């Protein structure tokens, strides 16, 4: 071995090993701290680019999911209100039957008419209050259209026009039931409205189910994409934590190696004693 005070090959080797260990330690520490094997383009440019593209797809699906959530809200509020109207129609029908007799006194008929008016008012309120996020599918008569996927496909909640049918029903029912003849006429008017309500229930129920199925599909696609992103960029923290401990031990040994290598020139001093 050549001893010199100008060049210390042993120290140079030890320092190179120390730099390499520090570089690996920085990389593993980054993975442990971020949870990502590929946290940015410097780690793996191509993989990061692919992951970013997939993240963009996830953002798009999240926007679609938000639109579908609003669609479900519009449909469910409309459906619940239509169901309430259907129940009230049965009560109106029962009241008409009670009024379809000449045996009622004037006071009794007045009381029944007040009940009938109250019931029809409740129907009107149920229809007018079937609004979600500014959209009422029971009164506007036009379809509520929502985004269904990132390709621009849409899905619709079919609009109903129970408001207009309700006005006709009220005109046929309120203040017209004075006996069996007028009771039959009122029942006919009520039946027309009931048929419209039932048709609305069928359409809204089908539309709600269709939106929920699409919403579930979007959720599954989002989950699959996120799983794929994780497979590309997530770090195995158990593995990385083991590496971290090993590299920390190697770092300490490298420091000792440098210290030992730096002591080599001092051996030359013994030659001059």
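No lab work stands behind these numbers, since they all come straight from the coordinates. Bear in mind the structure is a predicted one, so any value in this text is a computation, not a measurement. Cβ placement follows ideal geometry from the backbone for every residue including glycine, while neighbour counts extend to all protein chains displayed.
Miscellaneous remarks
- Once the C-beta distance of residue 122 and residue 59 is scaled by a Förster radius of 41 Å, the resulting FRET efficiency is 0.40 to the nearest 0.05.
- If a spin label sat at a point 7 angstrom from the Cα of residue 236 along the line to its beta carbon, the backbone N atoms of the range 32-55 nearer than 13 Å would be those of 37.
- Crossing angle, helix 237-262 versus the chain [Cα axis fit, 0-90 degrees, rounded to tens]: 20 degrees
- Contact order for the range 137-202, expressed relative to its length and based on alpha carbon pairs under 8 Å spaced 6+ residues apart, stands at 26 percent.
- Gain upon complete extension [residue 131, residue 47; 0.36 nm per residue less C-alpha separation]: 25.6 nm
- Taking every alpha-carbon pair within the range 90-155, the share separated by more than 13 Å comes to 73 percent.
- Pair residue 248, residue 227: separation of 7 Å Cα→Cβ label points (nm): 3.5 nm
- C-alpha center-to-center spacing [the range 225-264, the range 77-134] in angstrom: 76 Å
- Helix-only mean residue ellipticity at 222 nm for the chain, each DSSP H run of n ≥ 4 adding -39500 (n - 2.57), per residue, nearest 500: -26000 deg cm²/dmol
- In this simple spin-label model, placing a label point 7 Å from the Cα along the Cα-to-Cβ direction at both residue 164 and residue 115 gives a separation of 3.3 nm.
- Applying 1/(1 + (r/R0)^6) with R0 = 35 Å to the Cβ-Cβ distance of residue 107 and residue 206 gives a FRET efficiency near 0.15.
- In degrees, nearest ten, helix 45-99 long axis to first principal axis of the chain (Cα): 20 degrees
- Its alpha carbons give the range 66-233 an Rg and a Dmax of 21.6, 83 Å.
- Pairwise centroid distance, computed over Cα atoms, of the range 26-70 with the range 189-220, Å: 38 Å
- Once the Cα atoms are used to define both axes, helix 9-34 deviates from the longest principal axis of the chain by about 10 degrees.
- Here the spin labels are modelled as points 7 Å beyond Cα on the Cα-Cβ line, and at residue 220 and residue 98 they lie 5.1 nm apart.
- FRET efficiency, 1/(1 + (r/R0)^6) with R0 51 Å, evaluated for residue 22 and residue 66 via beta carbons: 0.65
- Counting other Cβ atoms within 10 Å as a rough exposure proxy, the listed residues 201, 162 run 201, 162 from fewest neighbours to most.
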